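The values are calculated or read from the model by the stated rules, or taken from the named source; none is laboratory data. Since the structure is predicted, the reported quantities are computational estimates derived from the model, not experimental observations. Methodologically, a virtual Cβ is constructed for each residue, glycine included, from the backbone with ideal geometry; neighbour enumeration extends over all protein chains shown.
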Amino acid sequence: MSSLTSYAEANLKLNPLHRGWQRFVGFLFPSESDTWLTVFRIGLGLQVTLYALFLRNDWHYLFASSGKGLVGRELGEAITSFDGPLIPKLGWLVALGRNLNISEDTVLSVAWVGLASAGCLLLVGLLSRPAAIVAWFVHLCAAESGGLLAYGADNFMTTALFYLMLSPLPDSYSFDHWVTKTKPRNPQALGFWRRMLQVHLCFVYFIGGLAKFLGNGWWDGSNLWRSLIRPPFNLVSPDLLVHFKYALPFLGISICLLEVSYPVFIWLKRTRRIWLGCILAMHASIGLMMGLYLFALVMIVMNVAAFGVPDASTRAQAASGCPEQ
Amino acid sequence: MYLRRIHAAWFGIHFFLVTAVCLAGVFWLIAKGATILPSAWDEFARKAELIATWCQGKKAGPSNPVRLVIGTYLHAAGIQAGYSFFAPNVPSHHRLTLKLFHDDGRIEYELPRVRSRAAALRLDSLLNRLAEQRYEPNREVVVKGLALSVWREHPDVKKVRATFETVHLPSITEFEHGKTETLEPMFSFDFSLRGEEQQ
């Protein structure tokens, strides 16, 4: 009892700054198991593999140099170099290949094979960290060399692979763990990297929701209509959409509300499942109704890894039979 | 504890940069008057955008090491662009039509083509960027590349006229009354084997 009192007194003596720091550290480094990391690794493995497969017929056409492909990768690389000459690009690999008397076509093929292989290795968890680094590097090279051809899914893939390669791989469900019997990773390091992902998603949705709220088209449903009839996203017939015209304003406002309130309601255990379910449904709809399959998948993977896998405290409560707070 | 401090510091810097990039994007939208906010906000947004851009080191000289380090990090982490997709409103769709003049006098119309849907999304992204003012200096080079990609499949073509248009989609009410999309030309280029001229 006396020791408890002295602890409380000592705690009171701590200045507010120090208490704030302790709370911040407590938030940043929660104890976590590696289940979320397994979901993240497998999900991104699938994402990278599909990315490579979807682009296999156009890979050379999109990333070849001027005069051989669609627009030539030199312009994209020049724009990227303005932001930083050390940003990886396919031109580096091509230049390296030229020094070794390897043609551009061969280098691009090797890059594609490397990316597809890294995706498959991530799926099974073999050489997890090298695979994550290769996937991040080759995908970044392609995204930066593509430059003007890149879209939202590329940014999210880069971010997700960036977090994955820095996370404490391998996880205990990987082939690596089965082969080498590695020691369990530091639970607080696992918690930190999950926090990174969680906080990042809060930024993504809050800014996305806020920016949408500032457009009149999200209040009257016209933006939903325009996004669904706009090529190349026009997979649903406009004649069918017209039947739901009265639902469009409600859906438009709901999307804005869902996104802008995500950083609040996703943290509350009572509302987490509802918000997560709605966000996943929104991304699944975007994927199926607009054909943005890779964008939908990467967002679903990031959300499920960040908030879909129960954290250590929730699992402990479930095991002890206590209801969730 | 030492390692934790490094992680915490990195967390702070990383999300400071994410905030700067995101806010720069939102303030840019407000400053150009694309939102429902009153125009009185434009000046404030312009200043706020400058501050957010400064935080990313973009106001420094092109060879400034701080700028280059921040730029490289932003690209490596995939956080160089904000998250205001389809916001504040869904942008217009754009189309590039290539008019092919054959040697024998025939005229054909073609659109730049890719094989897969995944690549089609990228082509759409490219065309939408071309419409933006900031990519104006790159338009001719990109359009020439796209024209050349079609030209390779039609070697007997002596001239290509590339016309870039904004496609205005009908509103839901207009669609119900039978209105379809309308095209508004933005710019065009003529390319021939001898050279090219802008119109």
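Return the residues of the stretch A:253-270 that are of a type in the set (Gly, Ala, Ser) and free of Cβ contacts under 8 Å to residues at least 40 places away in the same chain; say none if nothing qualifies.
Correct list: A:Ser254 only.
Hand me the list of strands (runs of 3 or more DSSP E) wholly inside the stretch B:76-189 holding 1 or more residues that are small (Gly, Ala, Ser). Show your work before the answer.
On the way: elements: B:93-102, B:107-110, B:157-168.
Ranges flagged: B:157-168.
So is B:Leu126 among the aliphatic types (A, V, I, L, M) and more than 19 Å from A:Glu77 (Cβ to Cβ) or not?
No: the conditions fail for B:Leu126.
Could you say whether any residue in the stretch B:82-93 is closer than 23 Å to A:Phe137 by Cβ and in contact (Cβ under 8 Å) with a residue 24 or more places away in the chain?
no
Just to check your reading of the model, which residue among A:Leu248, A:Leu241, A:Leu235 is in the same structural domain as A:Ala305 (by TED's automatic domain parsing), without any contact (Cβ under 8 Å) to a residue 24 or more places away in the chain and more than 26 Å from A:Leu28 (Cα to Cα)?
That would be A:Leu241, the only listed residue that is in the same structural domain as A:Ala305 (by TED's automatic domain parsing), without any contact (Cβ under 8 Å) to a residue 24 or more places away in the chain and more than 26 Å from A:Leu28 (Cα to Cα).
Quick one: A:Phe29 ticks every box in (1) at the interface with chain B (Cβ under 10 Å from one of its Cβ atoms); (2) more than 21 Å from the chain's Cα centre (by Cα); (3) over 22 Å from A:Leu93 (Cβ atoms) bar one, so which box is it?
Only one criterion is unmet by A:Phe29, namely (2).
Scan the stretch A:222-231 for residues that are buried (at least 19 other Cβ atoms within 10 Å of the Cβ) and facing another protein chain (nearest Cβ under 8 Å) and jot them down. Can you show your working first?
Keep residues of the stretch A:222-231 that are buried (at least 19 other Cβ atoms within 10 Å of the Cβ), which gives A:222-230.
Within the stretch A:222-231, A:Ser222, A:Asn223, A:Trp225, A:Arg226, A:Ser227, A:Ile229, A:Arg230 meet the criteria.
Count, please, the residues in the stretch B:2-56 that happen to be within 11 Å of chain A (Cβ to nearest Cβ), closer than 18 Å to A:Thr159 by Cα and among the β-branched types (Val, Ile, Thr).
3
For a quick check of your reading: which helices (runs of 4 or more DSSP H) sit entirely within the stretch A:69-175 and have at least 2 residues that are closer than 15 Å to A:Thr49 by Cβ?
A:104-124, A:128-146, A:152-166
Mind listing whichever residues of the stretch B:119-144 are crowded, with 17+ Cβ neighbours inside 10 Å, within 18 Å of B:Val160 (Cβ to Cβ) and either out of contact with any Asp or Glu (no Cβ under 8 Å at 6 or more places or on another chain) or not charged (D, E, K, R) (or both)?
Hits for the stretch B:119-144 are B:Leu123, B:Leu126, B:Leu127, B:Leu130, B:Arg139, B:Val142, B:Val143.
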